[in-house]
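Scroll down for the structure; my scribbles are underneath it.
The values are calculated or read from the model by the stated rules, or taken from the named source; none is laboratory data. Note that the structure is a prediction, hence the values are computed from the model and not measured. Don't worry about glycine lacking a Cβ; one is built from the backbone with ideal geometry, like all the others, and counts go over all protein chains shown. With ligands, DNA and RNA removed, areas are computed over all heavy atoms of the protein, side chains included. Shrake-Rupley method; radii C 1.70, N 1.55, O 1.52, S 1.80 Å.
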Amino acid sequence: MPKLFAALLLLAVPFPAQASAWSTGRFVQWPVTTRSGEIDAPGLRVAVRLMNCGDGRPVGEACGAGDHYMTLTTAAPGAAPARVEGWAGLRWFVGIGALRPGDRRAGVILVTDGGGSGGCVEITVATPVDGGFRTTRIGRPGSYGLCRVEPEKLRWPRDLTGHGRGELVVADDRFDCAFTSCAATWTPPRVLALTDNGGEDVSADPALKPLYRADMARARAACERRTLEPAGACAAYVADAARAGDLPRAWAVVDAQLRRGCRVRSPDDCPSDARLPGGFRADLERLLRRAGYLS
């Protein structure tokens with residue numbers, strides 16, 4: 001039913017007659033009721049098309065019958081056009097703006113929201129280069145690249161480390177559903193630099209310690225105060241501390257929470273999610289090593 005409703009909306013709305021101005025340096029949701037249009041930005045025009053799976057892309061596992069995907073085609077003076085194509089999704093967010101400090105031409109980012117409960121998105125970037133654009137994809141190949149992403153809250157890439165490149169702050173979805181129910185997942189930040197090969201994980205850069213210290217405070221408060229399912233927040237707190245260089249104190253906090261035992265008033269009938277599990281520290285250490293937080 002949702003696919004049919006979206007399809008009827010797409011067919012019912014005429015193409016915009018002229019290009020619309022676009023707020024740069026942020027992600028703006030493209031109206032699902034607008035099948036086709038053009039965006040005007042300083043020095044750049046972008047043609048937007050919402051396509052049916054089967055129209056230009058075969059129907060299959062990644063693009064089901066009745067689904068839609070978006071394409072963006074750039075036009076800029078002195079630059080060869082670039083085509084940005086997303087996966088099938090339910091919502092699309094388009095961003096236009098400088099991707100690196102000092103860029104004279106704007107780049108384009110397409111965020112496709114898959115619509116599932118995990119908040120999984122695909123991010124495709126068109127970066128200005130000499131004579132045109134370079135198109136890359138952020139995240140894991142072969143599927144939606146990143147999960148636990150809220151496109152409405154995603155901030156435009158900034159040079160957070162001082163290396164003269166755009167960097168995105170996303171959730172580290174390797175913690176997703178790892179220690180709690182998926183609904184109670186708590187993820188530390190992850191910083192991805194926009195590079196020639198897509199998104200390079202630069203989270204271990206010392207320049208990012210203030211980012212992790214700020215998240216540490218929030219995660220520690222939840223780790224110590226949550227009555228049910230505290231393990232996710234405790235895991236994120238230790239991960240933040242590893243990035244911020246404050247790991248011994250974080251382990252001490254976790255050990256105190258393990259000794260605390262049941263967090264409800266009926267310890268004789270304690271729910272399993274009202275305490276940190278006995279093997280929590282060992283399980284967390286394994287994840288931290290696997291994810292590169294610990295050497």
Regarding the range 236-277, what whole-number volume in Å³ per residue does the convex hull of its Cα atoms give?
63 Å³
As I understand it, the dipole of the range 102-168 uses +1 on the Cβ of Lys and Arg and -1 on the Cβ of Asp and Glu, about the Cα centre. Which of Gly119, Gly166, Ile138 lies farthest toward its positive end?
Gly166
Of the convex hull enclosing the alpha-carbon atoms of the range 196-295, the direction-averaged projected area in nm² is 7.2 nm²
In units of 2.2 N^0.38 Å, what is the alpha-carbon radius of gyration of the range 80-179?
1.11
Contact order normalised by residue count of the range 72-198, Cα under 8 Å, 6+ apart, percent:
19 percent
Solvent exposure, largest accessible area first (probe 1.4 Å, DNA, RNA and ligands not counted), of Ser181, Ser272, Ser36, Ser295
Ser295, Ser272, Ser181, Ser36
For the chain, give me the percentage of DSSP beta bridges that are antiparallel, rounded to the nearest 5 percent.
95 percent
Just reorder Lys209, Lys153 by solvent-accessible area, largest first, 1.4 Å probe, all chains present.
Lys153, Lys209
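Over the chain, what is the relative contact order in percent, taking alpha-carbon pairs closer than 8 angstrom and at least six residues apart?
10 percent
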What trypsin sites (Lys or Arg not before Pro) does the range 189-295 have in DSSP loop regions with at most 15 other beta carbons within 10 Å?
Arg265
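Would you calculate, for the chain, the mean residue ellipticity at 222 nm contributed by helices, counting each DSSP H stretch of 4 or more residues as -39,500 (n - 2.57) and dividing by all residues, to the nearest 500?
Rounded to the nearest 500, the figure is -7500 deg cm²/dmol.
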What's the FRET efficiency of Gln29 with Glu285 using the Cβ-Cβ distance as r and R₀ = 51 Å, to the nearest 0.05?
0.80
So how compact is the chain: Cα radius of gyration and Dmax in angstrom?
21.9, 74
Which whole-number percent of Cα pairs in the range 22-79 have a distance greater than 17 Å?
48 percent
Degrees between helix 247-260 axis and first principal axis of the chain (Cα, 0 to 90, nearest 10)
60 degrees
Which residues does the label zone of Asp130 cover in the range 181-202, counting backbone N under 20 Å from a point 7 Å along Cα→Cβ?
195-197
